[in-house]
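Have a look at the structure below before the remarks.
The values are calculated or read from the model by the stated rules, or taken from the named source; none is laboratory data. Keep in mind that this is a model prediction, so the values were computed, not measured. Counting neighbours? That spans all protein chains shown, and the Cβs are built from the backbone with ideal geometry, glycine included. Only protein heavy atoms, including side chains, enter the accessible area calculation; ligands, DNA and RNA are left aside. Shrake-Rupley method; radii C 1.70, N 1.55, O 1.52, S 1.80 Å.
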Amino acid sequence: SKFMALWRISILVLFLPFLQLSASSTLDNFIKCVSLNSDLSTLPLSNTIFFTSNNSSFTSILQSSAQNLRYLFPSSPKPEFIFTPLDDSHVQSAVICSKQLGIHLRFRSGGHDYEGLSYVSGIETPFAVVDLANLRSVSVDIAQNTAWIQAGATVGEVYYRISQKSRVRGFPAGLCTTLGIGGHITGGAYGSMMRKYGLAADNVVDARIVDVNGRILNRAGMGEDLFWAIRGGGGASFGIILWWKIKLVPVPATVTVFTVSRTLEQGATKLLYRWQQVVDKLDENLFIRVLIQPVSITTNRNITKRTISTSYQALFLGGANRLLQVMLKSFPELGLTRKDSVEMSWIESVVYISTSYPSGTPSEVLLQGKTTSKAAFKAKSDFVRNPIPETGLEGFWARFLEEDTPLTIWTPYGGMMSRIPESAIPFPHRKGIIFMIQYLSLWFDGEQSTERHVNWIRKLYDYMTPYVSKYPREAYVNYRDLDLGIINKKNNTSLMEASVWGSKYFKNNFKRLVWVKTKVDPSNFFRHEQSIPPLPQKF
């Protein structure tokens, strides 16, 4: 009973010395409130609530899935406590109790938010984090061609569980396998099958969400407006995603991958210009992205030189012989050979394309769930509608070589992405986009060099202005960029201010997102630095 549950909680609070609970009445009240609003049959308190100054597990839990070390530096604000639910009802209670007690919440599924917004608040303190890492069930129904997946599962876990049920089913989500699927899909979620099947969010058929009143709503319960908004409208504005129901897609028993690299000395500039001219028009079964970074080479005179490497990494939904025919017809300039082309299963291609693992790593690695390499970084994004001329590329190379560890990834569009209307879901970057650019600066020398690296990427972004989309200059919401603007600390940001970043992420869909927000969360309980604002309330 709830009475017995509350009694158990009270005994734990009073007599378990290893917890060393804070005397704060707010925290005590949160614990009591959770006990009254949860199913506590699966809630061992010592494993689910961690306090900042009193529990040795706090730091490891905070850092466990946080990807950007820039937001783990000592100067970054830390949550008062982290709550790690084991059941959907615990998430409900977190919303109900934080609302009652006036505690500002952040919540994360995978910790990949580029600006750390799922575990850091720069505008409101104190705050708490709800970490969904324990909620990672994946239930695949091959007969219905669907799967129910919990928000805390990683992309890699989802792929692996699907592959265990069928070698000829897959799902078109991200290329980074340690992403938490909950937040990933809220931004749209692109991957190597996007030109064939669209985004992950385009292939969601139902969901379960905790709303501002602590109710768990499925698609029928939330209505089509809210269901539209959560599929690409950005995370943490409308509620907490508990589950997605996804539609599986067919994949061949054999797919083909390749990686072909060219340096500037090998004609990389002309080749990349040609790639821009053809990549969105290729067979939609073929996805070729370009990873660009500085490398050191040794010249004929035994001199070490820093140059640019462009690596063309591809997935083809079919066999190598058919791939070679497509490439010979559409992109012969790359010079792809049969030796370059490696046939494998779709799940093996997931491991290959993630670039995180050595060649031949078994697919079981996808169950590890967390990345082993982390860095401090700053990122930005752009969308390109017209090929960047060779002179523009040469200027880009010069600036790129000024940075220590830069990386840029150019992702192709076209195919299905061009056929889905801009307003189908909030993600608007569709017809007319040739490719998307992700810019990254990574560093490993601590907080002291942050300003230098951030200034470099801002200057590179400024340089690219003439070559990318305009009015608005579009940006991808899953590559969150606070340089585009933030809500002010008084939480009374005007719609005009918010539309600066809102129009870049969502174009005309921003207006409908504001309308939905006003309808479902008029008091703006779910908020962060770039959340969707509600219309001002009339008194």
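Some values worked out for this structure:
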read-out	value
Any hit, the range 496-506, residues being assigned to a helix (DSSP H, G or I), touching an Asp or Glu at 6+ places or on another chain (Cβ under 7 Å), outside the structural domain of residue 68 (by the TED database) and in contact (Cβ under 8 Å) with a residue 60 or more places away in the chain	no
Residues located in the range 132-159, provided they are under 23 Å from residue 289 (Cα atoms) and among the hydroxyl-bearing types (Ser, Thr, Tyr)	154, 159
Whichever residue in the range 521-534 is hydrophobic (A, V, I, L, M, F, W, C) and over 21 Å from residue 428 (Cβ atoms) and, among such residues, is farthest from the chain's Cα centre (by Cα)	525
Unmet criterion (only one of (1) open to solvent by 10 Å² or more (accessible area, probe 1.4 Å); (2) at pLDDT 95 or above; (3) under 28 Å from residue 418 (Cα atoms)) for residue 179	(2)
Subset of the range 442-472 (residues that are outside any helix (DSSP H, G or I) and touching a Lys or Arg at 6+ places or on another chain (Cβ under 6 Å))	469, 472
Residue that is nearest to residue 471 (Cα to Cα) [pool: residues in the range 376-410 that are touching a Lys or Arg at 6+ places or on another chain (Cβ under 9 Å), assigned to a strand (DSSP E or B) and open to solvent by 10 Å² or more (accessible area, probe 1.4 Å)]	409
Flag for residue 256 being among the β-branched types (Val, Ile, Thr), open to solvent by 10 Å² or more (accessible area, probe 1.4 Å), in contact (Cβ under 8 Å) with a residue 60 or more places away in the chain and touching a Leu at 6+ places or on another chain (Cβ under 7 Å)	no
Residues located in the range 136-173, provided they are open to solvent by 10 Å² or more (accessible area, probe 1.4 Å), under 22 Å from residue 111 (Cβ atoms) and assigned to a loop (DSSP other than H, G, I, E, B)	136, 137
Selection status of residue 166, in contact with a helix residue (DSSP H, G or I) (Cβ under 6 Å, 6 or more places away or on another chain), more than 30 Å from residue 25 (Cβ to Cβ), at pLDDT 95 or above and of a type in the set (Ser, Thr, Tyr)	no
Residue count, the range 336-351 (criterion: assigned to a loop (DSSP other than H, G, I, E, B), open to solvent by less than 40 Å² (accessible area, probe 1.4 Å) and either without any contact (Cβ under 8 Å) to a residue 24 or more places away in the chain or not hydroxyl-bearing (Ser, Thr, Tyr) (or both))	1
Qualifying residue in the range 352-361 (condition: hydrophobic (A, V, I, L, M, F, W, C), outside any helix (DSSP H, G or I), in contact (Cβ under 8 Å) with a residue 12 or more places away in the chain and buried (at least 18 other Cβ atoms within 10 Å of the Cβ))	no
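Each row is one residue, and each column tells you yes or no for (1) part of a helix (DSSP H, G or I); (2) buried (at least 24 other Cβ atoms within 10 Å of the Cβ).
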position: 175; (1), (2): no, no
position: 185; (1), (2): yes, yes
position: 192; (1), (2): no, yes
position: 199; (1), (2): no, yes
position: 214; (1), (2): no, no
position: 232; (1), (2): no, yes
position: 261; (1), (2): no, no
position: 276; (1), (2): yes, no
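Let's see how each residue does on (1) open to solvent by less than 20 Å² (accessible area, probe 1.4 Å); (2) within 30 Å of residue 374 (Cβ to Cβ); (3) touching a residue at least 12 places away in the same chain (Cβ under 8 Å):
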position: 412; (1), (2), (3): yes, yes, yes
position: 422; (1), (2), (3): no, no, yes
position: 432; (1), (2), (3): no, no, yes
position: 437; (1), (2), (3): yes, yes, yes
position: 443; (1), (2), (3): yes, yes, yes
position: 447; (1), (2), (3): no, yes, yes
position: 450; (1), (2), (3): no, yes, yes
position: 453; (1), (2), (3): yes, yes, yes
position: 457; (1), (2), (3): yes, yes, yes
